[in-house]
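Enquirer: Below is one structure. I have some questions about it.
The values are calculated or read from the model by the stated rules, or taken from the named source; none is laboratory data. Computed from a predicted model, the values in this text were never measured in an experiment. Note: ideal-geometry Cβ built from the backbone for every residue, glycine included; neighbour counts use all protein chains shown. What goes into the accessible areas is simple: the full protein's heavy atoms, side chains included, and nothing from ligands, DNA or RNA. Shrake-Rupley method; radii C 1.70, N 1.55, O 1.52, S 1.80 Å.
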Amino acid sequence: MTEFTPVSALIGGALIGLAAVALMALNGRIAGVSGIAGGLLSNTEGDRSWRWLFVLGLLIGAGGHELLRPETFELREGFPVMLLIAAGLLVGIGTRIGGGCTSGHGVCGISRLSTRSLVATITFMIAAAVTVAVVRHGFGVGP
Amino acid sequence: MKSITALIAGILFGVGLAVSQMINPLKVLGFLDVLGHWDPSLALVMVGAIAVTLPGFALLRRREKPLVADRFQWPTRTDIDGRLVLGAAVFGIGWGLGGFCPGPGIAAISLGWHEPLVFTLSMVAGFIAWHLYERGMAASTDG
């Protein structure tokens, strides 16, 4: 169980927004993580280095925060590995079919006032909430 | 230059994911768990992000080109088809199963913890599976 943390949520969200504006202002690209990472497979050679460095930046940013402010939360333990594998596969395939994830459709798409992204966001939010309801309250996995 | 600016945007994004605790799957599942002990924090992450990105993108729309690239690559698709909804639903199920979406899944690897690594490797397997499937489909239409 986690508690409501409105201030850190708003500040963290604003930083994500700033990153999205920066990537568009500088590189002319949408900060959609599934698109950036997934594009490493299909795009041409010259298009890959900025994608790798954006991904590396995610690791440096989160890792750096962990070094400066360690243990802001407790790591989950004992979660079934098979569920993680299934989750990863579904997220990988689903974001490619639907053309985006929480960042590309959710943050950037809604900020562009795209109906297409709004529909995608509402769909994945509902699907995720229903899944959690079934897994947690139906099968009793997790807290 | 494009790589350095992408790295900077990635770092900002990663810090935002850590500050907002999007990299904590229990926090994410707490938000998606509307039937349980609901934690609305992540709604405020979206609010914080869109509050910056929406006006930021509106200002950038008036500019002709980004600072270090040739052109703005704004998404152009507006169609809402079955693929969009199916993909978003599959992604949502995966997100609800594990509590990781692509950005946080990658960023949390920096905490040196097995869960995001297993998730991300499975997600990449999903990307590859979809990439091969699409290439196979394209080859069969060409032939």
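Enquirer: Just checking, which of A:ALA19, A:ALA14, A:ALA9 is closer than 14 Å to B:LEU17 by Cα, without any contact (Cβ under 8 Å) to a residue 60 or more places away in the chain and in contact with a Phe, Trp or Tyr (Cβ under 6 Å, 6 or more places away or on another chain)?
Expert: Among A:ALA19, A:ALA14, A:ALA9, only A:ALA19 is closer than 14 Å to B:LEU17 by Cα, without any contact (Cβ under 8 Å) to a residue 60 or more places away in the chain and in contact with a Phe, Trp or Tyr (Cβ under 6 Å, 6 or more places away or on another chain).
Enquirer: Hey, another quick one. Output the residues belonging to segment B:93-143 that are at negative phi, open to solvent by less than 40 Å² (accessible area, probe 1.4 Å) and not in a helix (DSSP H, G or I).
Expert: Residues satisfying the conditions are B:PHE100, B:CYS101, B:TRP113.
Enquirer: Any residue that is charged (D, E, K, R) and at the interface with chain A (Cβ under 7 Å from one of its Cβ atoms) - is there at least one of those in segment B:67-77?
Expert: yes
Enquirer: Out of segment B:1-33, which residues are among the aromatic types (Phe, Trp, Tyr), within 15 Å of the chain's Cα centre (by Cα) and more than 7 Å from chain A (Cβ to nearest Cβ)?
Expert: Within segment B:1-33, none qualify.
Enquirer: (1) touching a Phe, Trp or Tyr at 6+ places or on another chain (Cβ under 9 Å); (2) more than 7 Å from chain A (Cβ to nearest Cβ): which one isn't true of B:PHE119, the others all being true?
Expert: Every condition holds for B:PHE119 apart from (2).
Enquirer: Name the one entry in A:LEU84, A:LEU75, A:LEU89, A:LEU68 that is open to solvent by less than 10 Å² (accessible area, probe 1.4 Å) and either closer than 22 Å to B:HIS114 by Cα or in contact with a strand residue (DSSP E or B) (Cβ under 8 Å, 6 or more places away or on another chain) (or both).
Expert: A:LEU84
Enquirer: For segment A:1-11, which residues satisfy the criterion of being more than 12 Å from B:ALA51 (Cα to Cα) and either of a type in the set (Ser, Thr, Tyr) or assigned to a helix (DSSP H, G or I) (or both)?
Expert: Residues satisfying the conditions are A:THR2, A:THR5, A:PRO6, A:VAL7, A:SER8, A:ALA9.
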